[in-house]
Amino acid sequence: EVRLVESGGGSVQPGGSLRLSCAASGFTFDDYAMGWIRQASGKGLEWVSVISWNELSTNYADSVKGRFTISRDNAKRTVYLQMNNLQSDDTAVYYCATGRRGASIWTITSPSDFLYWGQGTQVTVSS
């Protein structure tokens, strides 16, 4: 059974930071690119970031470039999202997800490009 379990969400003030983690099991973790997608209340899914299977390449949505950093530790079967200078527009449920096997990360730029998803973790940014 594929399992992706996010953690690390919470409430912060604008300008604050959070580090999300995603623990993976039930599949060969380093066969897949991994990414993060978010959904604000009442809005659609928005792709945030992706990292290649060997952590050599990353890509980010324009809205988070320079503020968020994706990373992974294949030995720990975990992917991370470091979020700095958080803003109110970053408030959303954040989902960890796998790419499709063999896909280049440069083609993984939409929620529909991901295969297996976790349950999500809430991030709230408010004064």
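The values are calculated or read from the model by the stated rules, or taken from the named source; none is laboratory data. As the structure is a computational prediction, the values presented were derived from the model and not from experiment. Heads up, the Cβs are rebuilt from the backbone with ideal geometry, glycines too, and the neighbour counts pull from every protein chain shown. Surface areas here come from the heavy atoms of the whole protein model, side chains and all, with no ligands, DNA or RNA. Shrake-Rupley method; radii C 1.70, N 1.55, O 1.52, S 1.80 Å.
Counting DSSP beta bridges in the chain, what percent are antiparallel, to the nearest 5?
90 percent
When averaged across all projection directions, what area in nm² does the alpha-carbon convex hull of the chain cover?
Directional mean of the projected Cα hull area for the chain stands at 7.0 nm².
Which order do 30, 90, 113 take when ranked by solvent-accessible area (1.4 Å probe, heavy atoms of all protein chains), largest first?
30, 113, 90
For the stretch 39-111, state what percent of all Cα-Cα pairs lands in each successive 5 Å bin, counting from 0 Å until the bin that includes the largest distance.
All Cα pairs, binned at 5 Å, distribute as 3, 14, 27, 27, 18, 9, 3, 0 percent.
Rounded to the nearest 20 Debye, what is the dipole magnitude of the stretch 1-44 about its Cα centre when Lys and Arg each give +1 and Asp and Glu each give -1 at the C-beta?
With only Lys, Arg, Asp and Glu charged at Cβ, the dipole is about 300 debye.
If you put +1 on each Lys and Arg Cβ and -1 on each Asp and Glu Cβ, how big is the dipole of the stretch 33-105 around its Cα centre, in Debye rounded to 20?
In total the dipole reaches around 260 debye.
Heavy atoms only, 1.4 Å probe, whole protein assembly: order 46, 1, 6 by accessible area, highest first.
Ranking 46, 1, 6 by accessible area, largest first, yields 1, 46, 6.
Please give the contour-minus-distance gain from residue 46 to residue 61: 0.36 nm per residue of separation, less the Cα-Cα distance, rounded to one decimal in nm.
So the chain would gain 4.5 nm between residue 46 and residue 61.
Trypsin sites (Lys or Arg not before Pro), restricted to the stretch 60-112: which are DSSP loop and have at most 11 other Cβ atoms within 10 Å?
Within the stretch 60-112, the qualifying trypsin sites (Lys or Arg not before Pro) (loop, at most 11 other Cβ atoms within 10 Å) are 65.
Given charges of +1 on the Cβ of Lys and Arg and -1 on the Cβ of Asp and Glu, with all other atoms neutral, how large is the dipole of the chain about its Cα centre, in debye to the nearest 20?
80 debye
Please list 53, 36 from largest to smallest accessible area, probe radius 1.4 Å, with all protein chains kept in place.
53, 36
Using the charge dipole of the stretch 53-127 (Lys, Arg: +1 at Cβ; Asp, Glu: -1 at Cβ; taken about the Cα centre), state which of 111, 91, 57 has its Cα farthest towards the positive end.
Of the options given, the answer is 57.
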